[in-house]
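Below is one structure, written out as structure tokens; the observations come after it.
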Amino acid sequence: MVTSAYKKRSDGRKFDELRPIIAKVGVVPSADGSAMYQSGKTRAIAVVRGPRLLHPKHMENPEKGILRVTYQMMSFSVWDRIKPGNSRRGQEISKVSEWALNEVVDLDAFPNSVVDVIIQIPQADAGTRVAGINAAAMALAQAGVPMREMIAAVAVGKMDRTLVVDVDKEEEDFEEGEGPTDVPIALTSRSNKIVLLQLDGKISVPELRELITMSKAGCKKINEVQMKALKEPGKEVKG
Amino acid sequence: MEERKIIIPGETIVQGDEFLPGDGARREGQDIVACKYGLSDVSDKLVRVIPLSGVYAPRRGNVIIGTVVGITFKGWLIDFGSHINGFLNVTEVPRYIGRGELRDHFDFGDVVCAKVFGTDGGNVDLSVKLRGFGRIQGGQLVNVNPNKVPRVIGKEGSMVNLIKVASNCDVTVGQNGVIWVIGDKIEDELNARKIIEYVCENSFLAGLTEKVEDYVKNTLKLEIKQTRFENAEIASENQQEEQPGEQQ
Amino acid sequence: MTLPGLQKDRIIEYLAQGKRFDGRKPEEMRDISVQLGISENAEGSCAVKFGKTEVYAGVKMSIIEPYSDGPDEGTLSVTLELGAMADDEFDLGAPKIDAIEMARVIDRGIRESGLIDWKKLCIVEGKKVWQISLDIYAINNDGNLFDAAALAGLIALANAKLPVYNAETEKIEHKLSNVKVPLIKENMSFNLTVHKVGDQFVLDPSLQEEEASDYRLGIALADNKGEPRITAMQKGKEGGISEIDMEKILNLVESNFKELNKKIVKLVWS
């Protein structure tokens, strides 16, 4: 039995339990596809516009369409105001999200076009990039973009020696023992490929293996909620 | 025929060797899997996904309604709301247009009804040579999800004819989801718009025709009387070629 | 897509009969709905819809050194994001609507009205004052983002509380006090944008009406004992306002002010 300084989650969840989920598809009427995904207090809105003509033209790919993801946090989404506009963190998250979503979309039929995915976070309590990806996957499906399968993302982690699923802000800031290790991970729904993987902290190989296994169950549950939301567009579904 | 249901990408539609994957589906081992969000359709062992959304993909023979957004010395660039623009060459217009006369013929912001005659090489080539095509004047445009167009047209044009007769308007449906409506009174055009929107909102329900008739008679309080528009015949000729025609 | 010529013509023709495609009268607004507290981490926040047009607004407070021309006064900064989320044409090349112009006009409308009690935002004269950061985001554009954004800004402010400031540690604590951001209710002015479409003047234009309009005139209106007081104005788009036009606009303002003001006051202060 490993002893760890992190014994209990303040919101009463089991270590492998997800925060309550709320999801809704079709939240921005003028968009081709849109969705809201909320995990605990973290809420993300994703909007898809396209396939459409690409500007600037020099970015065009004559072989297939490109996916362009922009992720931004609203200034008032966190306690310490974030200056509106682009940030380096936002650009990094946009890129890794783009790589993840690119694995499942099929844009061969749309050369020289772009599918724009815009992710905004109005309220944050950790896990914003994974919430963004979960919303974006639903929005892409709703927009009718050809997709091989869905994607679900979750932030797993380790607080001192305790492994957890769906890290919240309080846990991100946990400093005792080995401190916090944050591992955002995204899996494809059918082929179970890892399309997003980042890590911050310190972890052993067996612990990481365990975390990846734990993330599978979490992602399966998230997939179910995404499916429910897509099957009842316009309705708020809970999970 | 199996019941249609909303299917999401990656979801298994049916299992079995005897099935064949059609549009929006693929085979993975024993499973026929959806590659698109839409309604699953299994008929005669052919499994496909009927899209509920997604950009309009122009096909040869389609009728489209679009706006002139560019003019070169060779022709006009037409925006019909897709991920590519269409090109109308001067040679595809039923009269001679000299250099420098293009703007007099079709100007920026003009709306044209054209036929797609080619989609090779990533370009969409348009023509207005046939009767009934060309610049549209008067009336108004109603934009709908292009995936709902088959419902708006109906089996052999039955739904669009119902809309015409109920609203007393002429209605031309572009496959790209732009519909041109023209009537004697603007009120009539707005009625046509309301019926079209009703069809789109309820497109996936069974017994759509009865529901639309009910909406027309009881909500809009319109009679279904005869129309005397000559264009109605040409418009339906044009519609006849294109109908993936949904079963109702 | 730019508005096709025939569509613009039809809109203008119908308006000449005093009618609009969605059945409204030219001076009629769409239904306005408000949702408070869209971010728990904001001092005040809201989502506002005018029909299908939706915006989010949020207030964050910080402590800064005052400006030299107001050593005992707080400050305000307003930003507006018109991003690709809300409209197919936003964030692509040349801006369809100028977000900076709009933000500055909303800023002026709040500032010039005297809504904010600047002196009550002073912590230590000459050294520390509260800065109000009001940030507005467009979520869905179905016309008239301007008025929706301005109203969302007001509602976020009206519901904002000051964070707890610890004078000993000189730090802002991570919690809200029970003290609301100091505002002078009576001074509130709200934004009303009038568009000239064809020969008619409309309020709360739809997306297509907005594209069809010759010009717009944004007017900030405050309540002066029941009479409208104009605290800011901004004309936008090309078009020229004739003398007759100006008279018609002012008449429109005078005849609609009471009802609109009552509605807005209820939305902001309840």
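Quick check on B:GLY132: is it on the phi > 0 side of the Ramachandran plot and not assigned by TED's automatic domain parsing to the domain that holds B:GLY177? So B:GLY132 passes the test.
The residue that is farthest from C:SER45 (Cα to Cα), counting only those in the stretch C:125-163 that are within 12 Å of chain A (Cβ to nearest Cβ) and more than 15 Å from the chain's Cα centre (by Cα), is C:ASP142.
Can you say whether C:THR75 is hydroxyl-bearing (Ser, Thr, Tyr) and touching a Pro at 6+ places or on another chain (Cβ under 8 Å), as far as the supplied structure shows? Answer is yes for this residue. Checking each residue in the stretch B:51-93 for being of a type in the set (S, T, N, Q) and more than 10 Å from every other protein chain (Cβ to nearest Cβ) picks out B:ASN62, B:THR72, B:ASN89, B:THR91. Considering the conditions (1) touching a Ser or Thr at 6+ places or on another chain (Cβ under 9 Å); (2) more than 17 Å from C:PRO205 (Cβ to Cβ); (3) part of a loop (DSSP other than H, G, I, E, B), C:THR79 is excluded by exactly one of them, (3).
To keep it simple, each residue is scored yes or no on (1) of a type in the set (Ser, Thr, Tyr); (2) closer than 28 Å to A:VAL28 by Cα; (3) in contact with an Asp or Glu (Cβ under 7 Å, 6 or more places away or on another chain).
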site: A:ALA136; (1), (2), (3): no, yes, no
site: A:THR188; (1), (2), (3): yes, yes, yes
site: A:GLU210; (1), (2), (3): no, no, no
site: A:LYS221; (1), (2), (3): no, yes, no
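Quick check on the stretch A:30-46: of everything there that is out of contact with any Ser or Thr (no Cβ under 8 Å at 6 or more places or on another chain) and more than 14 Å from chain B (Cβ to nearest Cβ), which residue is nearest to C:PHE50 (Cα to Cα)?
Quick first cut of the stretch A:30-46, residues out of contact with any Ser or Thr (no Cβ under 8 Å at 6 or more places or on another chain) only: A:30-31, A:34-41, A:43.
Subsequent filtering for residues that are more than 14 Å from chain B (Cβ to nearest Cβ) retains A:36-41, A:43.
Numbers: A:MET36: 20, A:TYR37: 24, A:GLN38: 24, A:SER39: 28, A:GLY40: 29, A:LYS41: 26, A:ARG43: 23 Å.
It comes out as A:MET36.
Residues in the stretch C:1-17 that are modelled with pLDDT under 95 and of a type in the set (Gly, Ala, Ser): C:GLY5 only.
Residues checked against (1) surrounded by 17 or more Cβ atoms within 10 Å (Cβ to Cβ); (2) over 30 Å from C:ARG30 (Cβ atoms); (3) at pLDDT below 95:
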{"position": "C:PRO163", "(1), (2), (3)": "yes, yes, no"}
{"position": "C:ALA167", "(1), (2), (3)": "no, yes, yes"}
{"position": "C:ASN178", "(1), (2), (3)": "no, yes, no"}
{"position": "C:LEU183", "(1), (2), (3)": "yes, no, no"}
{"position": "C:ASN187", "(1), (2), (3)": "yes, no, no"}
{"position": "C:VAL197", "(1), (2), (3)": "yes, no, no"}
{"position": "C:PHE201", "(1), (2), (3)": "yes, no, no"}
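For the stretch A:1-21, the tally of residues that are hydrophobic (A, V, I, L, M, F, W, C), part of a loop (DSSP other than H, G, I, E, B) and in contact with a helix residue (DSSP H, G or I) (Cβ under 9 Å, 6 or more places away or on another chain) stands at 2. Within the stretch C:3-40, the set of residues being among the basic types (Lys, Arg) and under 29 Å from the mean Cα position of the chain (by Cα) comprises C:LYS8, C:LYS19, C:ARG20, C:ARG24, C:LYS25, C:ARG30. Inside the stretch A:197-231, residues that are more than 25 Å from A:ARG161 (Cβ to Cβ) and either touching a residue at least 60 places away in the same chain (Cβ under 8 Å) or in contact with a Pro (Cβ under 7 Å, 6 or more places away or on another chain) (or both) make up a count of 9.
Can A:SER75 be described as over 20 Å from the mean Cα position of the chain (by Cα), within 14 Å of chain C (Cβ to nearest Cβ) and of a type in the set (Ser, Thr, Tyr)? Criteria not met by A:SER75. Going through (1) more than 28 Å from B:LEU141 (Cα to Cα); (2) touching a Ser or Thr at 6+ places or on another chain (Cβ under 9 Å); (3) without any contact (Cβ under 8 Å) to a residue 24 or more places away in the chain one by one, B:VAL47 falls short only on (3). On the basis of being at pLDDT 95 or above and in contact with a Ser or Thr (Cβ under 9 Å, 6 or more places away or on another chain), does C:LYS49 make the cut? Criteria met by C:LYS49.
Just checking, does the stretch A:86-105 include any residue being of a type in the set (Gly, Ala, Ser) and within 14 Å of chain B (Cβ to nearest Cβ)? Steps first, please.
Taking the stretch A:86-105 and keeping what is of a type in the set (Gly, Ala, Ser), we get A:87, A:90, A:94, A:97, A:100.
If we keep only those that are within 14 Å of chain B (Cβ to nearest Cβ) as well, we get none.
No; the residues of the stretch A:86-105 include none that is of a type in the set (Gly, Ala, Ser) and within 14 Å of chain B (Cβ to nearest Cβ).
Scanning the stretch C:108-154 for residues that are over 22 Å from A:PRO122 (Cβ atoms), of a type in the set (D, E, K, R) and not in a strand (DSSP E or B) yields C:ARG108, C:ARG111, C:GLU112, C:ASP117, C:LYS119, C:LYS120, C:GLU125, C:LYS127.
Per the listing A:ARG49, A:ARG68, A:ARG81, the residue uniquely farther than 23 Å from A:VAL165 by Cβ, crowded, with 24+ Cβ neighbours inside 10 Å and within 14 Å of chain C (Cβ to nearest Cβ) is A:ARG49. Of the residues screened, A:GLY132 is not one that is of a type in the set (Gly, Ala, Ser), within 14 Å of chain B (Cβ to nearest Cβ) and closer than 23 Å to A:VAL25 by Cβ.
The residue that is nearest to A:LEU140 (Cα to Cα), counting only those in the stretch C:77-95 that are more than 7 Å from chain A (Cβ to nearest Cβ) and surrounded by fewer than 19 Cβ atoms within 10 Å (Cβ to Cβ), is C:GLU89. One residue alone among B:GLU223, B:GLU213, B:GLU156 is acidic (Asp, Glu), surrounded by fewer than 18 Cβ atoms within 10 Å (Cβ to Cβ) and not in a helix (DSSP H, G or I), and that residue is B:GLU223.
So, in the stretch A:146-185, how many residues would count as being within 10 Å of chain B (Cβ to nearest Cβ) and out of contact with any Pro (no Cβ under 7 Å at 6 or more places or on another chain)? Number satisfying all stated conditions: 2. Only residues that are more than 19 Å from A:ILE93 (Cα to Cα) and either within 14 Å of chain B (Cβ to nearest Cβ) or surrounded by 13 or more Cβ atoms within 10 Å (Cβ to Cβ) (or both): list them for the stretch A:194-216, please. Passing the criteria: A:ILE203, A:GLU207, A:LEU208, A:GLU210, A:LEU211, A:ILE212, A:MET214, A:SER215, A:LYS216.
Counting only strands (runs of 3 or more DSSP E) wholly contained in the stretch C:1-66, the ones carrying 3 or more residues that are more than 19 Å from B:GLN140 (Cβ to Cβ) and within 9 Å of chain A (Cβ to nearest Cβ) occupy C:44-50, C:53-64. Every condition in (1) within 17 Å of C:ASN140 (Cα to Cα); (2) part of a strand (DSSP E or B); (3) within 12 Å of chain C (Cβ to nearest Cβ) holds for A:VAL27 except the one numbered (2). When residues in the stretch B:94-130 are screened for being hydroxyl-bearing (Ser, Thr, Tyr) and modelled with pLDDT under 95, 2 of them pass.
The values are calculated or read from the model by the stated rules, or taken from the named source; none is laboratory data. This one's a predicted model, so the numbers in the text were calculated from it and none came from an experiment. Here Cβ is always computed from backbone atoms with ideal geometry, including for glycine, and neighbour counts include all displayed protein chains.
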